[in-house]
1. Name the pairs: first residue in the range 313-331 and at negative phi, second residue surrounded by fewer than 12 Cβ atoms within 10 Å (Cβ to Cβ) and of a type outside the set (F, W, Y), Cβ to Cβ under 6 Å, at least 6 apart or on different chains?
2. Determine which member of the set K274, K238 is of a type in the set (K, R), loosely packed, with under 13 Cβ neighbours inside 10 Å, in a helix (DSSP H, G or I) and modelled with pLDDT of 95 or more.
3. Can you name the number of the only condition in (1) in a loop (DSSP other than H, G, I, E, B); (2) touching a residue at least 40 places away in the same chain (Cβ under 8 Å) that V283 fails?
4. For Y192, indicate whether it is at pLDDT 95 or above, surrounded by 12 or more Cβ atoms within 10 Å (Cβ to Cβ), hydroxyl-bearing (S, T, Y) and closer than 30 Å to K315 by Cα.
5. Could you list, in sequence order, the residues of the range 153-197 that are over 17 Å from Q310 (Cβ atoms) and in contact (Cβ under 8 Å) with a residue 12 or more places away in the chain?
6. Do we find that K249 is assigned to a strand (DSSP E or B) and more than 18 Å from C213 (Cβ to Cβ) in this structure?
7. Kindly indicate whether any position in the range 201-216 is open to solvent by less than 90 Å² (accessible area, probe 1.4 Å) and without any contact (Cβ under 8 Å) to a residue 40 or more places away in the chain.
8. Can you tell me which of (1) open to solvent by 70 Å² or more (accessible area, probe 1.4 Å); (2) at pLDDT 95 or above; (3) closer than 15 Å to A204 by Cα is the one N289 doesn't meet?
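The values are calculated or read from the model by the stated rules, or taken from the named source; none is laboratory data. From a predicted model like this one, the values you see are computed outputs, not experimental measurements. Glycine gets a Cβ as well: all are built from the backbone with ideal geometry, and neighbour counts include every protein chain shown. With ligands, DNA and RNA removed, areas are computed over all heavy atoms of the protein, side chains included. Shrake-Rupley method; radii C 1.70, N 1.55, O 1.52, S 1.80 Å.
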Amino acid sequence: AKIKKEYNFNETANALTDFYKDIDTVKTSSSDKTPVHGKFVTPVVTNDKSNGTNKVQNSKSTDKSMNKLPDAAIESTPDSLFYGKLTDARINALTKTMFTLGGKVYTEKDFVNYLKPKVTSKHKESIASLNKSYKLFVDESAINYEDSKLESKYADFKSLMKEYRDGILLFELTDEKVWSKAVKDTTGLKDYFAQHKDNYKWDARLDASVYTCSNQDIANATRKLVKKGKLSNDEILKEINKNSQLDLKIETAKFSRKENVVVDTIPWVKGISKDIQSGKSIVFVNVKNVLPVQNKTLAEARGLVTADYQTYLEKKWMDELKQKYPVKVHEDVFSTIK
């Protein structure tokens, strides 16, 4: 009510009644000339000269309410609205004003478009429900109108919304020009990697297997199998862990410095290390190869390369913007800012 008053809400007389007349197909009764709109029986008003007043025929009510449809005026809600018979052309022809708010006109077409998502071909609303829908349409229209005016009414809110929109715009542009492009532009990524491949290197590494044994007997049995070299690590695990899956654990990898405490303690030479006590376990390492410093492949360095490529794309984009939109700093003014 406060919003309506603030924005001079003005409703057309009999807006809802006229609406139902307009959306249904006009027919003529065979028995008389009473206009019939589908199941909508039009109240026929005649002039009674005997007392100078109007009489209403085919209606038990003379309710002229602007936002309520008299139950007696309609036998049921118009089929055209609920069974897909109201074509786009007919909807576009519904130009009558139902109400105005803040100078904005709300037509019968607006109300139909409001109702369309709320009705189905299998269910017809009651008159009371449709009267309620109209009231909701008016109320929601008022709230939406107020929302559209918030920025003009409140300067702080306007600044906040501008900051929010600018942030979204910057995010979308950065995603388009930098983040997503770095992921999707596989050719550009490969070219960038080829030009900077020396930036992505492996340090010296050990190609080795670390055997963690539950006790000394398990360590001795495992060492014998490793020395023979006839079984794979999976086969060794199967052989040693017959009684318990906790007897032996094997970790195979290409270890860099500081990746594994045990690997860091042994000499970096090919062969089997001595036993090392680690808590209650016995651990030894089989060094298959000592790998020198070498370049990473794109697959191995993809995460780092993608991040660097994004940085490159962002800098390139910023340089293009600065060239297109030169920035001039007025030093005399800038120097006065403390």
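1. none
2. Numbers: K274 fails: in a helix (DSSP H, G or I).
Unique residue meeting the criteria: K238.
3. For V283, the failing item is (1).
4. Details: at pLDDT 95 or above: yes; surrounded by 12 or more Cβ atoms within 10 Å (Cβ to Cβ): yes; hydroxyl-bearing (S, T, Y): yes; closer than 30 Å to K315 by Cα: yes.
When the stated conditions are applied, Y192 passes them.
5. K197
6. Details: assigned to a strand (DSSP E or B): yes; more than 18 Å from C213 (Cβ to Cβ): no.
Here the answer is no, as K249 does not meet what is asked.
7. Quick first cut of the range 201-216, residues open to solvent by less than 90 Å² (accessible area, probe 1.4 Å) only: 202, 204-216.
With without any contact (Cβ under 8 Å) to a residue 40 or more places away in the chain added as a condition, the list becomes none.
Checked against the condition, which is being open to solvent by less than 90 Å² (accessible area, probe 1.4 Å) and without any contact (Cβ under 8 Å) to a residue 40 or more places away in the chain, the range 201-216 yields no hits at all.
8. Tallying (1) open to solvent by 70 Å² or more (accessible area, probe 1.4 Å); (2) at pLDDT 95 or above; (3) closer than 15 Å to A204 by Cα, N289 fails exactly one: (1).
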